[in-house]
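Peer 1: This is the structure I want to talk about, given as structure tokens.
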Amino acid sequence: MTKKANNENLMIVIMNHDATTENIQAVVERLTEHGFDIHKSTGAAHTVLGVVGDTASIDPRDYELMEGVSEVVRISEPYKLAGRLFRKEDTIINVKGVEIGAKEIVLMAGPCSVETREGIREAAKFVKASGAKILRGGAFKPRSSPYSFQGLGVEGLKYLREAADENDLIVVSEVMDKSDLPVAMKYIDIIQVGARNMQNYSFLKELGNMPKPILLKRGMSATIKELLMSAEYIMAGGNHEVMLCERGIRTFESYTRNTMDISAIPILKSLSHLPVVADPSHGTGIRDKVAPMARASVAAGADALLIEAHQDPDNALSDGAQSLWPEQLNELVDQLKIIARAVDRTFL
């Protein structure tokens, strides 16, 4: 039985660069025998073993003497697996050949919600033409008002998948409840966790068992540390393919829908190895402010952009005020290509 974790006494075992598979396995087996869960991270230089459990009784020297071990380090930060100490190299998440977290910045675009079959098919076409590789669209829509459009549910997922397949696109969509996961897994490539669910810990634990990448949005009033701890819940369950999404936070300012925290992007990049996604659409809630925040996000180090775009925003059933017209999306893409080069990245 796994020992209960003590947040102050978790540790990592750093193997030598020339440690053999047998050396690593010997350490894993010894730790497992003592009831610990092991999370392995293999980087360019070292293999790191994250030891989850109450390690207070462990003498690090007992493991440092084992063949192939470089050092044993206790981690003081509460986020163990999401932190840079566990993995120094940036995590790159490969979704059907598209790499998120690599040198190329990835564009995820599409309408806020799937409204009709023909509507999402039309959206997928102009999203593909813009150079985007991932189609976004909500089938389950959490709305502040019970009278607002709530999405098409499973039918919307089917339309989203069909439109993506017709245009060779990847699908990212929000799932609101763990009861929806079994059916959603059939249609979605990346599971989005919305801001309202960032601290739904039972849901996050369930996502730790899912064989799909997770796009985790920052809660409206969440700190950076709380966002990383939510990622930790997912990773502790075994799913290390997590993307952190800055989507704006609630402040005293009322001019914009939220306050886009651009500073969170470089901070997250320094604290965590996980890819960082920026959502300037929700970050501002105002169409003509989306492009400036998107440009700033790329300059700040974002690995991907999540942008709402609609073929007819003025008549969209949800969030039309923050959705770009197709021609605005194309113009923004041209601008972002220039900025990406300036920060030694590529865009599309």
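Peer 1: Considering region 116-126 alone, what residues qualify as being within 25 Å of the chain's Cα centre (by Cα) and within 11 Å of Leu152 (Cβ to Cβ)?
Peer 2: Ile120
Residues are listed down the side, and each one gets a yes or a no for (1) surrounded by fewer than 17 Cβ atoms within 10 Å (Cβ to Cβ); (2) more than 21 Å from Gly219 (Cβ to Cβ); (3) in contact with a strand residue (DSSP E or B) (Cβ under 7 Å, 6 or more places away or on another chain):
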| site | (1), (2), (3) |
| --- | --- |
| Arg287 | no, yes, yes |
| Pro292 | yes, yes, no |
| Ala296 | no, yes, no |
| Asp303 | no, no, yes |
| Gly320 | yes, yes, no |
| Leu336 | no, yes, yes |
| Asp344 | yes, yes, no |
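Peer 1: Inspect region 309-329 for any residue being at pLDDT below 95 and at positive phi and give the result as yes or no.
Peer 2: Yes; the residues of region 309-329 include at least one that is at pLDDT below 95 and at positive phi.
Peer 1: Restricting attention to region 42-90, which residues are of a type outside the set (Asp, Glu), touching a residue at least 60 places away in the same chain (Cβ under 8 Å) and part of a loop (DSSP other than H, G, I, E, B)?
Peer 2: Ser76, Pro78, Tyr79, Lys80, Leu81, Ala82, Arg84, Leu85, Phe86, Arg87, Lys88
Peer 1: Within region 31-41, which residues are of a type outside the set (Phe, Trp, Tyr) and not in a strand (DSSP E or B)?
Peer 2: Leu31, Thr32, Glu33, His34, Gly35
Peer 1: If I ask for residues that are more than 16 Å from Ala124 (Cβ to Cβ) and of a type in the set (A, V, I, L, M, F, W, C), which ones from region 310-324 would you list?
Peer 2: The answer is Leu317, Ala321.
Peer 1: Could you please let me know if Gly110 is on the phi > 0 side of the Ramachandran plot and surrounded by fewer than 17 Cβ atoms within 10 Å (Cβ to Cβ)?
Peer 2: Judged against the criteria, Gly110 is not a match.
The values are calculated or read from the model by the stated rules, or taken from the named source; none is laboratory data. The shown structure was predicted, so the numbers you read here are calculated from the model rather than taken from an experiment. All Cβ positions, glycine included, derive from the backbone under ideal geometry; neighbour counts span all protein chains shown.
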